[in-house]
C-alpha cells in the first residue's frame, strides 16, 4: 500500500528534500506531491504560458491560476497533507492548502516552530497532528504503515 | 429572502461595524455572523471555561477550540463569506475561514488593499469576487437581491 | 410549503414576467429567483463596483465575477431550475446554470423551441422535463403542489 | 503518476489530435478521454443501437442518451477537464461538460479565441485557467507534473 | 419542530388518508408529502402538458418525467420516508422512491404485509424500521417527537 | 482503461453469461460484477453463516444482510450499472440496485421488454439508456471506449 | 438565530434537565433535541409497536430500530452535538451518536469526568471541545451567539 | 479484484491473526488494515514522537492524535469495516471507528458475543451484518467474491 503525501508550505528552504531523502533511505512506500519549488518559475509561469500581462496584479493572477491548477489536482490525489510554516513568510497559500485539506476531510499534519503557536492556534487546533520538525512528521507517517 | 453573511477577518478595526450600519441604513435583509470581536475575551475564553491552563500553548489551544466551535457552527449557516485582510496582521485564521468557505462551495468575497496582491494571489484567484473596501463588498451583496 | 424556483435564460424577452404574473394570478406559493435582468447593468456591474477596467476582457471578467456571485448564491437556494433557450442567442451562461443545477442534483425544466432540438439534445436528455413554452413549465410546477 | 484528461469541445477540427501528438512526443504521462469524434456516428448511434426512431427529436434523444452515457462515465474518471470553444458552433454540450466538471469540483481549463470573451465571460470566470490555444493548455498540464 | 414525511407507495387504497387523519386528530406537527394520488391524472399528466404523444411508451415517458419532477422535489424536502407495499401491484416506482431515500441517507419506514417478506427482504433489511400497518408507522413517528 | 460494470437483475436466466461471453469474444476491457447467481445458495447464505433461524422472516433477513453486503461493496466499485427486468418476477431488489446506482450518480442502463414499459416508466425515465436486449446494452458500453 | 443542539449520552441522570433549565433562565435561543429519556419505554418501544418478540435479541433489535430512527432524524437537524459520558455505563450508543456527528461534519462537545480521559482519548481528540461539566458546555454554546 | 478490509476492535486478543491466516490459507484477495496492535507502543507513540508530556491527559492526547491519524487514513482506504467487541473492554474507540465507517457509507460487519447484545443493540441495528465469531465474518467476505 502506497501513501500519497502532499507537502504544502514554504518553498524557500529544503525541508521537502530532507523528508524525501529520509523516506527513500528507509525505503518507505510514500509518493510526495507538492507545489512548484522554483520560486521564480512559480511567479512567472502565468506570463510564460499566457504572455506578458499589463500589470503586476494581472501577472500574479495569471501565475496563481496555473499554480492553483497544480495544487487542486495534486491535493485531490493526496491521502494526507503536511503543511510547514516557518518564521519568515506570511504563507497565506500554505494556510489555504491546509484548510482545503481539512475541508476535504483529508488529515493534516502541521509543522511549525513553537514561536508560532499563537498566530497558528486555530489551524493547530484543527490539524490532526502538530509537530515542530519535518522529521517528526515523517515518524508519524511511518507509524501508519507499521504492521 | 434573507442572506446570512459571515464576516471573517481582523478584529482590530471597525470594518464590520461599517458594513452592518450601512446595511441597516439601507434596510437590506442581511444577517451578519462572525467571530468574537473582543480580542482579549477571544484569547481568554479557553481559560474562562476550562480553568487556568499549564502553559501558553495549552491556553491557546483551549481558546481556539472554543473559537473554532463558533466559527464552524456559524460558517455552516452562511450563504456567503466575506474575508478582509489588512496590512498589519498575519491573519492565518482568516485564511482558514476563507479556504473552508471555498471548500464548502460557499462563494467568497475577498477584501484586501492592493499592496497585498502578491502574497494573497492564490486566495484572490479562488475567490468569487475581489475588492478593496468593505463598501464594495456590500455593493456586490446588494446587487444579488436587486429585482 | 413554498418552492424556490431559479429562472435561468435569456434576459432579452419578458418570459420571466409572464411566469411570475401567471403564478401570482393563481396565488401559487412560488418564489422566483434569477439573474439581473437589466442587460446593460449586468454588463457594467463590474466597473460600477471595481472601477474602470483596462480592457474589454477585464471589464467582462469583473462583471461576470459579480454576476456569478449572484447566480451561485441564488442557485444554492433553489428547489428547481427552469432554463429557457431562445433562437437568437448563444446563451452559454444559461447552459452553465442548467448544468450546475444538474450537477447539484436539482431537477431541471428545459424550455426550448422545437427548432433547437438538435443543438440542445444532450441537455434535453439530462433535463427532468422538456417543454416548449413558459406556460408549460408553470403547469408542471403547479402539478407538484396539487394535493 | 498518471493524469486522466477529458477533452470536451468541438469535434469538427483536429485540436485533440494536436494535443495528443504533442503529449506523446514529449512522453508525458497523460491519458486523454473524450466524446466520439466521428460526427455522423455520434448523431446515428441511437438508431444504430435502438433501431429506426419515429422522428428527428426522438432520433436525437436516442443518440444523446448514448453520448451522455459516454460523457458521464469518462468525466467521472477525469482529473481535469479541458473545454475548447471555437467561433463556428453553439456547442451547448461543451458548456454542459464544462459546467459538470466545475460542479464535480474538477478543475477546468478553458480554451477560446479572444473574440469569444464576451459570450463566454461567466464560464471563463469559473474556469481555473483560460487560454487561447491547445498548446497553452498542454503547457499548463505539463507544469503540474514538473518535479 | 415540524417533520416532513414523504408517503411513497400505492395510490389505489386510502392508506395516506388514514395516516393524515390520525395525525390530525392527535395534532401531530407532521407535514405529509407524496405523489399525485389520482391515478388517471398521474398517467395523463404528460399529455396534458405536452400534448398528444405518438405512442404509449412516449405517453408514459412524458407522464413519468412530470411525476419524477414531483417526486424529486418533494423527496428532497422530506426528513423521513414511508413506503407502503401491498399485495396487488408491482410498485417498482415505490421501490425506486424507497431506494432513493436510502441513498440520500434519509431514514426509511417500510410498511408491508407479512406475506411479502420474501420478495421484499433486501429492502426490508435496508429500511430503518419495518412494520405491517400504517398505524404502526405513525406510532414510530410519534415516538420521535415525544419529550 | 478498464470499466467495472455491475449487472443487476434476475438470476433465473443466463443473460449475464451472454454478455460476459460476447465481451470476452471481442476482447473488451470490462470487469463484470453482480449478485450471487445460485438462487438456493443466495436464499440460504444467512443460515449457512449464522446458523438455523427461528422462522422464515428471520431466515430471509439473515440472507439479505449478507446479500446486501455483497451488493453494497460491489456497487461502490462499479462505473456503470446495468439492470435487467424480465416478465416473470417482481424483482424489487433489482429496482433497489438500480435506484441506488442513480442516487450515487452512477449511470444506469435499463434492459426491459417493451411489455414492461408501463410499470417501469418512472425508472426508465431516470435511466441514462433504455434498451430491450443485453446485446444492445453491450453495444452501448462498447461505444464508450471506442477511440 | 436559533441553534439546534442534540444532547447525546446517558439517560439515567438529570444532566439534560440542568442544561435546559439554565438555558431557559438565561433566555438563550437554543432548541434541545435528544433520545427518549424514559429508559424502560426506550427498551420496550419495539414490542410496543411491533408486538411481542420471540427472544431478547429480537426485542432489542426492534427497540433499537425505532430508537435509531429517532436519533437519525434528530441528529440530521442538529447544528451541534453534545455527548456526555459518565463513570457508570458503557454507553456505546453515545459514542455512536458522537462519531456520527463527527462524520457528518457537525461539531462535537464532549463532556466527561477526568477519570475517563484514558478510555475516551481518541474521541476527545476528535471532539471540537472537551469539558467536564454540562455547565461548561452551555458556556461554550452561549459564547457562539454573543455579539 | 482486491478488497481492503479494516479490522477495528480490541488489540488484546489475536483475532486479527486468526482472520489473516485463514484468508491466506484460502488465498483470498484481501488486504487487511487496522490499528497499531502493540498496546504499549500505541499508548506511548505520542511521547515517542513529540517528547515527554506534562501530564497523563496530554500524553493521551498526543498518542491519540497519532493513532487517529492512522485510523483516518486507513479507514478512508477500506471497502468494508469489521468491528469486534469482546466482553472485557469498553472499547469506545472501536465504536468510533464503526460509526465513522457507517457515516462514510462503508458497510460494517459487527462481531460480538451474544452476551453483549443489549449494550450494543443500536450499533448492531446499524451494522450491515452481525456475527459472533471472526470466522463468520470471513465467510461473509468470502461470499462477496464468489463467482
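For region F:114-147, enumerate the residues that are closer than 28 Å to residue D:7 by Cβ and in contact (Cβ under 8 Å) with a residue 24 or more places away in the chain. Answer for region F:114-147, where residues must be closer than 28 Å to residue D:7 by Cβ and in contact (Cβ under 8 Å) with a residue 24 or more places away in the chain: F:127, F:136, F:137, F:138, F:140, F:141, F:142, F:144, F:145. If you go through region B:76-97 and keep only what is surrounded by fewer than 21 Cβ atoms within 10 Å (Cβ to Cβ) and closer than 20 Å to residue B:112 by Cβ, you end up with B:86, B:87, B:88, B:89, B:90. Taking region G:73-97 as the range and being out of contact with any helix residue (DSSP H, G or I) (no Cβ under 8 Å at 6 or more places or on another chain), within 10 Å of chain H (Cβ to nearest Cβ) and not in a loop (DSSP other than H, G, I, E, B) as the test, only G:94 passes. Collect the residues in region F:17-40 that are surrounded by 14 or more Cβ atoms within 10 Å (Cβ to Cβ) and either more than 15 Å from residue H:147 (Cα to Cα) or more than 14 Å from chain H (Cβ to nearest Cβ) (or both), keeping them in residue-number order. Within region F:17-40, F:18, F:19, F:22, F:23, F:28, F:30 meet the criteria. If you go through region A:38-58 and keep only what is assigned to a helix (DSSP H, G or I) and more than 23 Å from the chain's Cα centre (by Cα), you end up with A:47, A:48, A:49, A:50, A:56, A:57, A:58. Assess whether residue B:68 counts as being at the interface with another protein chain (Cβ under 9 Å from one of its Cβ atoms), assigned to a helix (DSSP H, G or I) and out of contact with any helix residue (DSSP H, G or I) (no Cβ under 9 Å at 6 or more places or on another chain). When the stated conditions are applied, residue B:68 does not pass them. Being under 24 Å from residue F:68 (Cβ atoms) and either in contact with a helix residue (DSSP H, G or I) (Cβ under 8 Å, 6 or more places away or on another chain) or modelled with pLDDT of 95 or more (or both) is a property that holds for residue E:112. Could you grab me the full set of residues in region H:14-37 that are more than 21 Å from residue H:85 (Cα to Cα), out of contact with any strand residue (DSSP E or B) (no Cβ under 8 Å at 6 or more places or on another chain) and touching a residue at least 40 places away in the same chain (Cβ under 8 Å)? Within region H:14-37, H:26, H:28 meet the criteria. Taken as a whole, the structure leaves residue G:140 outside the set of residues that are farther than 26 Å from residue H:56 by Cα and either more than 16 Å from the chain's Cα centre (by Cα) or surrounded by fewer than 20 Cβ atoms within 10 Å (Cβ to Cβ) (or both).
Residue count for region E:72-87 satisfying the condition of being closer than 20 Å to residue E:123 by Cα and touching a strand residue (DSSP E or B) at 6+ places or on another chain (Cβ under 8 Å): 10.
Within region B:1-37, the set of residues being within 9 Å of the chain's Cα centre (by Cα), at pLDDT 95 or above and assigned to a loop (DSSP other than H, G, I, E, B) comprises B:34, B:35. With the condition kept exactly as written, say whether any residue in region G:50-60 is touching a strand residue (DSSP E or B) at 6+ places or on another chain (Cβ under 7 Å) and more than 30 Å from residue B:73 (Cα to Cα). Yes: one or more hits.
In the set (1) touching a helix residue (DSSP H, G or I) at 6+ places or on another chain (Cβ under 9 Å); (2) more than 9 Å from every other protein chain (Cβ to nearest Cβ); (3) closer than 27 Å to residue H:131 by Cα, residue F:54 fails one condition alone, (2). Which of (1) touching a strand residue (DSSP E or B) at 6+ places or on another chain (Cβ under 8 Å); (2) more than 7 Å from every other protein chain (Cβ to nearest Cβ); (3) part of a helix (DSSP H, G or I); (4) modelled with pLDDT of 95 or more is the odd one out, the single condition residue F:101 does not satisfy? For residue F:101, the exception is condition (4).
Under the condition of being more than 14 Å from chain A (Cβ to nearest Cβ) and either in contact with a strand residue (DSSP E or B) (Cβ under 6 Å, 6 or more places away or on another chain) or under 23 Å from residue H:96 (Cα atoms) (or both), the residues counted in region H:1-13 number 5. Residues in region C:111-131 that are crowded, with 17+ Cβ neighbours inside 10 Å and more than 11 Å from chain D (Cβ to nearest Cβ): C:111, C:128, C:129, C:131.
The values are calculated or read from the model by the stated rules, or taken from the named source; none is laboratory data. It should be emphasised that the depicted structure is a prediction, and the values quoted were computed from it without experimental measurement. Please note: Cβ atoms are built from the backbone with ideal geometry, for glycine as well, and neighbour counts cover all protein chains shown.
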